[in-house]
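Read the structure below first, then the notes.
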Amino acid sequence: MAAGLCRRHRTLLSLFIATTLLMPAGYATADIDETGEQLSRLRADINAIQSRLNAREKERDILQRDLRDIDLQISASDIKAAQLKRERSALKQTLQTLEAEGLSLHADQEARVQLIEQSIQHLWAMQQGGGLRVWLGDQTPEDIARHMTYLQILVEDQQDAINLYEQGLRDIEQNIQRSQGTQAQLAAQEEAARSATEVLAAQRTSRQRTLQAINAQVSTDEQQLAKLEADQQRLNQLFEELVSVTPAPIPATVPFAERKGALVMPVSGAPSNRFGARRNADIRWQGWLIPAEEGAAIRAVHAGQVIYADWLRGQGLLIVIDHQDGWLTLYAQNHSLMRAVGESVTAGEVIAKAGASGGQEMTGLYFEIRQQGQPVDPAEWIRR
C-alpha cells in the first residue's frame with residue numbers, strides 16, 4: 001500500500017513539474033510556494049499513513065504474541081486441571097480403603113473387649129466364695145494359683161491386643177486426616193487452575209477484540225491478501241520442513257493411501273467451506289474449516305506419529321501427524337493440545353480440543369490433508 005502511495009506521489013510530482021515547465025514564468029513563480037506546500041502536505045500524508053500502518057502492524061504483532069502465550073497457558077492449565085482431577089479421584093479411592101480398614105479394626109476391637117469382659121466376670125466369680133468353689137471343685141491351692149495366673153496372663157494378652165488395635169486405629173485416623181488434607185489441597189489447586197483458565201480466557205477475549213479492531217482498521221484487500229499469503233507461505237514452509245524429516249517407525253497399520261473414503265471425521269460437525277473454493281480474490285481454501293464448540297474432542301483421522309505440536313502464527317495451536325509415505329494431516333486453531341511431538345496415535349484417538357487460538361473469529365477446527373506437501377481434498381478421504 002505504501003509502495004502504491006509512493007508511486008502516486010512520484011507521478012503527481014512528475015505531472016506537477018511538467019505542468020510547471022509549460023506555464024509562463026510568471027505563473028510558475030507565483031505558484032512555486034503553493035506547490036511546495038502541496039508537496040510537503042503530500043509527503044506528510046504519506047509519512048503519516050506509513051507510520052500509522054507500521055504502528056498498527058507492531059501492535060498486531062504484540063497482540064499475536066500475547067495470544068500465543070495465552071493459548072499455550074490455557075492448554076497447560078487444562079492439562080494441569082485434568083491431572084489434579086485424576087489425582088483427587090485416586091486419593092478418594094485411598095480414603096475409602098482406609099475407612100474400610102478402620103471399620104474392620106473397630107469390629108475386631110469390640111470382639112477383644114467382649115473377651116476381656118468375660119475374663120473379668122470369671123475373676124469376679126472366683127473372688128466370691130461359692131463361685132470359686134463351684135469352678136475349682138476339689139482342686140489344690142497350687143492348681144488354683146496356676147489357674148489364676150493363666151487368667152491374669154489372658155487378660156494382659158487381650159489388653160496388649162487392644163492397645164495394638166487402638167494404635168492401628170490412631171494410625172489410620174492420621175492417614176485419613178492427611179489424605180483429607182491432601183484432597184482439600186488438590187481440590188483447591190484444581191479450582192485455582194480452573195480460575196486461571198477463566199482469567200486467561202477473559203484476557204484472550206479482550207485481546208481478540210482489540211486485534212479484531214486493529215484488523216478492521218488495516219483490512220484492505222491488499223493487506224488481507226498479504227496476510228493470507230504470508231500465513232500460507234509459513235504453512236507451506238512448515239510442511240516442506242516436516243516432509244524432509246524422517247520420523248521414527250510407527251506401529252504397523254493399514255497404509256493411509258488405502259483408506260480413501262474411510263477416514264474418521266476429525267471432529268463432530270460439517271465443514272463451513274469447500275476445498276478449493278475462494279477465500280478471497282487470489283487465495284483458495286486448502287482444507288476444511290469445521291465449526292465446533294470450544295473444548296470439543298479433536299481426533300486423529302488415521303494412525304501415525306505427531307511431528308509438530310506448537311503454536312504457529314496464523315494457525316494458533318497446531319498439531320501435525322505423519323502417516324508415512326508422504327501423507328500428513330493438520331489440525332489447527334485448537335484450544336489445547338493433548339499429544340506431544342514423537343508420540344504415536346491411533347485412528348480416533350483424542351489429540352486436541354477445538355478452539356479459536358491464533359486470533360481466529362470462529363471456534364472449531366481447521367483441518368488439512370497433504371501428500372508430499374501438497375493439499376488434497378478431504379472430501380475424497382473422510383467418511384461422513
Leading residue by the ranking (farthest from the chain's Cα centre (by Cα)) among those in region 326-342 that are surrounded by fewer than 18 Cβ atoms within 10 Å (Cβ to Cβ) and at negative phi = 341
Looking only at region 160-179, which residues are among the polar types (S, T, N, Q) and either surrounded by 13 or more Cβ atoms within 10 Å (Cβ to Cβ) or not assigned by TED's automatic domain parsing to the domain that holds residue 110 (or both)?
-> 175, 179
Look through region 226-270, keep the residues that are modelled with pLDDT under 90 and among the charged types (D, E, K, R), and return whichever of them is farthest from the chain's Cα centre (by Cα).
-> 229
Unique match (being among the aliphatic types (A, V, I, L, M) and modelled with pLDDT of 75 or more) among 193, 187 = 187
What is the one condition in (1) surrounded by fewer than 17 Cβ atoms within 10 Å (Cβ to Cβ); (2) at pLDDT below 80 that residue 62 does not satisfy?
-> (2)
Which of the following residues is under 19 Å from the mean Cα position of the chain (by Cα), on the phi > 0 side of the Ramachandran plot and surrounded by 17 or more Cβ atoms within 10 Å (Cβ to Cβ): 295, 316, 348?
-> 316
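The values are calculated or read from the model by the stated rules, or taken from the named source; none is laboratory data. From a predicted model like this one, the values you see are computed outputs, not experimental measurements. Here Cβ is always computed from backbone atoms with ideal geometry, including for glycine, and neighbour counts include all displayed protein chains.
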